[in-house]
Every structure is written in C-alpha cells, then in structure tokens.
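Since the structure comes first, as structure tokens, the remarks are kept for the end.
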Amino acid sequence: MIYYSGNMELEVISEIFRGQVNDVVVCRNRLSAADARYTLLVIHDRDCARSMLQVMENNTRKEESPCLGCMTQNEDLIFIFPYREERKFSSFAKGQALTPRLGERISVNLVMECLSCGLPWPLLYLVLEQDEVQITKDNSIYFTLSIDLSRLDGEKTERNCVSSCANLLLELLTAPEKGRRKKRKQLQSFDLIYKKTAKNAYAGFPELYQDIKLTALPEEKISLMNRIKGMWMRNRDRLFRLLLVLCTILVVVTLAVLITQMIFGEIIWLRLFQNTFDVIGTENLHRGGLT
C-alpha cells in the first residue's frame, strides 16, 4: 500500500495496529534517500474522522504539534507523525529508577514531555492511557501514536491528562514491596501526589511539576574522588592525544641525538647553549690561553 502526500510517496512497511475505526501503519518515503519513517493514523470511520478533525482544529498547542500533515486517500483520513521505535515506559522505567532520586528525575521528565509535546489533550490522554509512553536509556521521555481512536473523546481536558499522568508516577515512585531486602519509606513526592490524585485536585501539569520539585530529595554533593573521576572520564581522550604527541616528540629528539653523536662525535646543536665569546676555535678562555 502506498499513500501520496505532496512530494512524498509513503510506502507501508509494517502495520502496528488494526482497529474498528482506525489503523496505525509505519511508512517510508520512497522519494527520499534518507530512509525517514513515519507513523500514519489511518481513519476509516467517518464519525471518528470528524471528531479527530475537530480535536486537531481546537488544539491550543498547534505550534508545538508533532503532526506533520493531514491528507485523504480514497475514503480514509490520514494523519502523519514522525516514527520512533517503542521502548515502553511501563517495562523499563521502574528498572531504570535505581534510586528514589532517579525516580523523581524520570517523573519530572515525563511531566515536562506532557507539557511540551504539543499533542491536543484528547490525544495525549489516549497516549497516557494506552501505554504509548516511551523512555530512552538516559531517562528521556517521548510518545508514540499507535493508539486506538475508538476511545477518542473530544471533551478530555488537561485535568484528565494530568490525572492519568499522576497515576503513572505513583506506580513509578511507590516504595518496594514488603519482603524485599531493601526497604524504604514512601517518598514525600509520592505521598503528596497520592493525596491530591485521590481528591482529583490537579488541574494542570505545572501544579504537578511544582509538587515533585518541592518535595524531591536534595541532590547529593559530589565527592572529590567522583569529581576527579568525572574530570578524567571527560578529558581522557584529550589527555591521551597530548601524551601521544609528547612521546612522539621525545622519540624524535632521542633519534636526533643518537644520529648526531654517531656522525659528528658530539651533539652539535648543543653548541647553541655555549657562550661563543668563551670558546674560539679550539681555545677556551677559561682554560689557559688569554688572561
């Protein structure tokens, strides 16, 4: 299957989701040598297509929207988004939160991505609810759009999204279960988010962000040994190159000394450091000769 959009010929290379109202496919542009890939939301249902158009039109964050374009083909309405491989937050985040502080840092990254992603709130709500939150190995957060639009509700707001996000954070920040070797008390950030979520008190992501930052554990001071280690790790390539240059210079100088000693019986370039007024030919003024 090929979809045509402007100067792109989008060839389907895999199908991620097939549903009652929409499909999700991954395509590559046959006219581009860059092998860029795209995620296409292909909507078959007319009511869903109408709702989706209204959601995108009412998006108050259009300038940051990741949507690359919209087109129609046959009777389908198609939205184009950048493609990224999945690395599920639900599978990896807990394992990467090795310390409470790391868990809080990942939480901040998730909230910031919700604030900056540019998705309309109804779509962001589906992303959060349908396990489309992804996490990189360095704890950065991104979203994918392999979503089932049969649950699209244009009335979902930021309040709904922040509530869904808070539930994900509670799972991440919860203390280890009883019976594990290492036990810790619940974090203050967990307690505060739990209480507010139970009351549905969050109206927006800035409030959730502030609660995490205000109750987060203080950053540990870096020890002198860790600073030295970090400095070495950051500059080891540069230091190695400098050491290599110095060794090369030393080898060249040593070879020059040996060659001049063999040919002239002395190191002639050391004469540069002699006082020429004290030595005239074979006479040395300090060892007899003129007084």
Seminar exercise, completed: Per the rule of 0.36 nm per residue minus the C-alpha distance, extending Ala201 to Gln20 adds in nm 61.7 nm
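Taking the Cβ of Asp131 as the centre, find all other residues whose Cβ is under 10 Å away and add up their charges (Lys, Arg: +1; Asp, Glu: -1). Don't jump to the answer; show the numbers that get you there.
Working: positive: Lys88; negative: Glu86, Glu129, Glu132.
It works out to a net charge of -2.
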Exercise. Given charges of +1 on the Cβ of Lys and Arg and -1 on the Cβ of Asp and Glu, with all other atoms neutral, how large is the dipole of region 63-178 about its Cα centre, in debye to the nearest 20?
Worked result: 600 debye
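Per 0.36 nm of contour for each residue apart, how much would the distance between Val257 and Glu9 grow if the chain were fully extended, relative to their Cα-Cα spacing?
Separation in residues times 0.36 nm, less the Cα-Cα distance, equals 82.4 nm.
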Problem set entry | Virtual spin-label span in nm between Asn74 and Ser91, 7 Å along Cα→Cβ | 3.1 nm
For this session: Please report how far the C-alpha centroid of region 124-165 lies from that of region 16-87, rounded to the nearest whole angstrom.
Result: 15 Å
Exercise. Between Arg37 and Ile2, how many nm apart are label points set 7 Å from Cα along the C-beta direction?
Worked result: 2.1 nm
Exercise. Spin-label point model (7 Å from Cα, Cβ direction): what's the Arg241 to Thr136 distance in nm?
Worked result: 2.4 nm
Exercise. How much of the accessible area of region 5-83, probe 1.4 Å, is carbon plus sulfur, in whole percent?
Worked result: 42 percent
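The values are calculated or read from the model by the stated rules, or taken from the named source; none is laboratory data. Everything numeric in this text was worked out from a predicted model, so none of it was measured. Please note: Cβ atoms are built from the backbone with ideal geometry, for glycine as well, and neighbour counts cover all protein chains shown. Accessible surface areas use protein heavy atoms only, side chains included; no ligands, DNA or RNA. Shrake-Rupley method; radii C 1.70, N 1.55, O 1.52, S 1.80 Å.
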